[in-house]
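Heads up, the thing below is written out as structure tokens.
FYI, it's all coordinate maths here, none of it is from the lab. As the structure is a prediction and not an experimental result, all values here were calculated from the model. Don't worry about glycine lacking a Cβ; one is built from the backbone with ideal geometry, like all the others, and counts go over all protein chains shown.
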Amino acid sequence: MKLDQLGHPATTLPSEPDGFRVEIDPGAARADVVLDRPPLNVVSMVEREQLRVVFEALDADERVRVIVLRAQGPHFSSGGDIAGFLAAPPEHVSRLAWNVAAPARCTKPVIAATRGYCFGVGFELALACDFRLATDTTRYALPEQKLGQIPGSGGSARLQKMVGLTRAKDIVMRSRRITGVEANAWGVATDCVPDAELEKATAALVAELVAFSPLAQRTAKRLLNETEDALLSTAIDLEGHCYSRLRSSDDFAEGVRAFGEKRPPRFDGR
């Protein structure tokens, strides 16, 4: 699928996706953003901006309820294009974190299905997603210290929120690789499954999320994202406001009716 088919107003980027493709399955209410630059799915500077545009477009696409970020081949991504990074003008470099944060800004649930190498910006993209599925082959790493650099797209900050200061220093300052099993135990990965079952586990999670109210899902994601750094009292207050607003929604009324009638709810997002 070409980027201009997504109906996004951006006109400054190439229409042909650079190193990835987009697949939409309206029947499953699912969109897949597939990294596809063999053999290691290196992410280019143009690709970073295109991925932002794609997430913004899919967020507005009524056919899509859940977005999956995955990769072609045995590795999710070995990281970014170093030569392209060095050649990029300052304004492009200043947008690195903003582009990579597109999955977090997206109001819809985003799943990162990762196997093999998930390094550098590949890991940072996965960390910006809501759910990370790993396998026994997954290796997460932020290797920038080996280049005399630090993560530049939110990786160290997001990781520290998930694992704490001690483990974040262990991973970032030593460029340490952690396995999918470790990532699951440390709260980085939502689940770790056998490699052959990654697609099945991803499809099952998509189906589970699609069954919920899209309005409640959007509300929960925004609430959790925006209260991550808030005082407990502030977070509780905002949760109460969101709860009150959802109480008058059609989806909540349908959920209550379905519960009473012992049937699956039919949510429409209102």
Max mean-square fluctuation residue, GNM over the chain, Cα-Cα springs under 10 Å, options Asp191, Asp59, Asp25:
Asp25
Result row for the chain, helices from DSSP H with C-alpha axial extent 20 Å or more and mean Kyte hydropathy at least -1.0, is 45-59, 232-247
Tell me the relative contact order for the chain as a rounded percent, counting alpha carbon contacts under 8 Å between residues six or more apart.
14
Near Lys108, which lysines are there with a Cα under 30 Å away, not counting those fewer than 8 places off in the same chain?
Lys2, Lys161, Lys200, Lys221, Lys262
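Quickly estimate the mean residue ellipticity at 222 nm for the chain, helices only: each DSSP H run with n ≥ 4 gives -39500 (n - 2.57), and the total goes over all residues, rounded to 500. Spell out each step's value before the answer.
Working: 13 runs with 120 residues, N = 270.
Counting only the DSSP helices, I get -12500 deg cm²/dmol.
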Expected max-MSF residue from Arg177, Arg139, Arg257 in the GNM of the chain (alpha carbon, under 10 Å) is Arg257
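What does the extension gain come out to for Trp98 and Asp170, with contour length at 0.36 nm per residue minus their alpha carbon separation?
Values: separation 72, 0.36 × 72 = 25.92 nm, distance 2.53 nm.
Residue separation times 0.36 nm, minus the Cα-Cα distance, leaves 23.4 nm.
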In the range 51-133, the GluC sites (Glu not before Pro) that fall in loop regions by DSSP, at most 15 other Cβ within 10 Å:
Glu62
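Taking 0.36 nm per intervening residue step and subtracting the Cα-Cα distance, what contour gain separates Glu208 from Asp191 on full extension?
Working: separation 17, 0.36 × 17 = 6.12 nm, distance 1.45 nm.
The Glu208-Asp191 span can extend by a further 4.7 nm.
Normalised by the residues of the range 37-80, what does the relative contact order come to in percent, with Cα pairs under 8 Å and at least six apart? Don't skip to the answer; put the middle values down first.
Details: 29 pairs, mean separation 31.4, N = 44.
Relative contact order, the range 37-80: 71 percent.
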Comparing Ala97, Ala112, Ala126, which has the greatest mean-square fluctuation in the GNM of the chain with Cα pairs linked when under 10 Å apart?
Ala97
